[in-house]
Amino acid sequence: MSAINPGVYKAIVRVREARLFDIGCFLMRFLPYMNTIGTVTMLTLSGFSFFVAGLVSSTIALATFIVSPRVSKLIDTYGQSRVVPWAALANLVGLCLMVAVVALEGAVPLLFVAAVLMGCTPNPPALARARWTYLIRSGKLGNAAPVMRTMFSYEGVLDDVGFMFSPSLSVALASAIAPFAGMVFGGAAFALGTVLLLLSRNTEPRPGWSEVVAEGVEEGAEEGVGAARTRKGVDGNPAENPADNSAAGEDFLHRKSVFRTTAVVRVMFFMMLFVGAFYGVFDTATVSFAEEMGDPTFASIVLMASAITSMLMGFVFGMIRLRMPQYRQLVLFAVIIGLAYGTMMFIDSPMMLFVVGTLAGLAYAPFLIVINATCERSVSGDRLTEAITWINAGITCGMAFGPTAGGVIIDTFGAARSFDFGALLALAIPVTALVCFRIIKRNVRNETELSVAYSSKDDAQ
């Protein structure tokens, strides 16, 4: 059962405190989303081989996968204002070094040094979601706080917009102005966004902050406002706060990675790895299939239609209130996205490609929204930046693996067989969710999306 409230986004717009950091994080998204295609375009247009360009791009992805979660762990431990400037500086130094090598025809090994530095980037979607969660769960916004699902849907739409337009923008600028123009634009947007984020100091999550929930509402219910009491962690212990005593502070500063300590984060990481892998295969196979059919431009039409469908569905999904525990939502939408993209195995014509790409896109954004919301329910608020970065790293890892494996299959057997491979990767998502169902149920806070307090707030909106 579910309910729909078209007015839920009004609460997002009314939160003036969030406008500065949300604009900042949106601008910061451009560079990470440009890295893959932007780097390849910049290097190949400058005379470097596709092999070198692909290797440098893969190095950025690998460095991001290894370094970015560690950066987010430091952010959760010491705060965004202390860590983000240094991580952003390392990223921009790497970008400047790469542009200099391209412009001055420098040594190829320097490109890989630059690629490693560019992997030190803070994760903009995680930074934004951590701030929103802090504002909502800590009670700072009081009764004006938007509902969590709406926030995740809103941020998901921003992700889709950035993901859809950034690569094409980087290619257009590189082709029209100079090979490095697209990446320079991304770097400038990233730098400006970082400044705006850091100026919004009053919304920054305090390290070790404690969440609050309304009295009389099921623990972990959607609204964290009203007469407050400290929220307990998933393990039943109070949320960590280094200010409580010196021992607690010491444990807080030396705690292990959330990837090691939280099984459900590992499960979601692998689910997102399969998402990145099948989507990378789908993109690669779509371009190859369109070329085989003699109409390369048809690929861009399919991919654009899929992205727009996903973005619109993500916006609509934010209005829906599912009366279902969060762990069941994750499993349900894992099954839906797996079956939706599992239909890739039936693609045998341009029309079928368009139908599958467009309809399957309806499942993409809801799954990402649900898995991010599940991540928020699986860790304490002061671990959220690292946890979301880990599941995003899963997509990054999958995007590095999927196109490579798909390319080998295309070269050997053709694009149609690559779609079959992508379908198997997609079906691995519900298989993972069902096999790990007990882990998901045990580690995700067992709470309903709709509670008495939640309903009264919706009525007020």
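The values are calculated or read from the model by the stated rules, or taken from the named source; none is laboratory data. Computed from a prediction, not measured in an experiment: that's the story for all the values here. Positions of Cβ are backbone-derived with ideal geometry, glycine not excepted, and every protein chain shown enters the neighbour counts. Protein only, heavy atoms only, side chains kept; ligands, DNA and RNA dropped before computing areas. Shrake-Rupley method; radii C 1.70, N 1.55, O 1.52, S 1.80 Å.
A few remarks follow.
- Those residues of the stretch 128-178 which are under 20 Å from the mean Cα position of the chain (by Cα) and β-branched (Val, Ile, Thr), in sequence order: THR133, ILE136, VAL147, THR150, VAL157, VAL161
- Any hit, the stretch 135-150, residues being touching a residue at least 60 places away in the same chain (Cβ under 8 Å) and either among the aromatic types (Phe, Trp, Tyr) or farther than 30 Å from GLN326 by Cβ (or both): no
- Residue that is nearest to GLY398 (Cα to Cα) [pool: residues in the stretch 4-56 that are open to solvent by 10 Å² or more (accessible area, probe 1.4 Å), assigned to a helix (DSSP H, G or I) and of a type in the set (S, T, N, Q)]: THR36
- Single unsatisfied condition, VAL161 versus (1) of a type in the set (Val, Ile, Thr); (2) part of a helix (DSSP H, G or I); (3) open to solvent by less than 30 Å² (accessible area, probe 1.4 Å): (3)
- Number of the condition not met by ALA63 [criteria: (1) open to solvent by 40 Å² or more (accessible area, probe 1.4 Å); (2) assigned to a helix (DSSP H, G or I)]: (1)
- Some residue of the stretch 79-97 being modelled with pLDDT under 90, surrounded by fewer than 16 Cβ atoms within 10 Å (Cβ to Cβ) and of a type in the set (D, E, K, R): no
- Every residue from the stretch 302-328 that is charged (D, E, K, R) and either open to solvent by less than 50 Å² (accessible area, probe 1.4 Å) or modelled with pLDDT of 90 or more (or both): ARG321, ARG328
- Looking only at the stretch 98-154, residues that are touching a helix residue (DSSP H, G or I) at 6+ places or on another chain (Cβ under 6 Å) and assigned to a loop (DSSP other than H, G, I, E, B) come to 8 in all.
Yes or no, residue by residue, for (1) in contact with a Lys or Arg (Cβ under 9 Å, 6 or more places away or on another chain); (2) of a type outside the set (Asp, Glu); (3) open to solvent by 20 Å² or more (accessible area, probe 1.4 Å):
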{"site": "VAL331", "(1), (2), (3)": "yes, yes, no"}
{"site": "VAL335", "(1), (2), (3)": "no, yes, yes"}
{"site": "GLY342", "(1), (2), (3)": "no, yes, no"}
{"site": "ASP348", "(1), (2), (3)": "no, no, yes"}
{"site": "THR358", "(1), (2), (3)": "no, yes, yes"}
{"site": "LEU362", "(1), (2), (3)": "no, yes, yes"}
{"site": "PHE367", "(1), (2), (3)": "no, yes, no"}
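- In the stretch 404-419, residue farthest from the chain's Cα centre (by Cα) [restricted to those that are open to solvent by 40 Å² or more (accessible area, probe 1.4 Å) and closer than 18 Å to ALA299 by Cβ]: ASP411
- Summed over the stretch 164-178, the residues that are surrounded by fewer than 22 Cβ atoms within 10 Å (Cβ to Cβ) and over 27 Å from LEU312 (Cβ atoms) give a count of 4.
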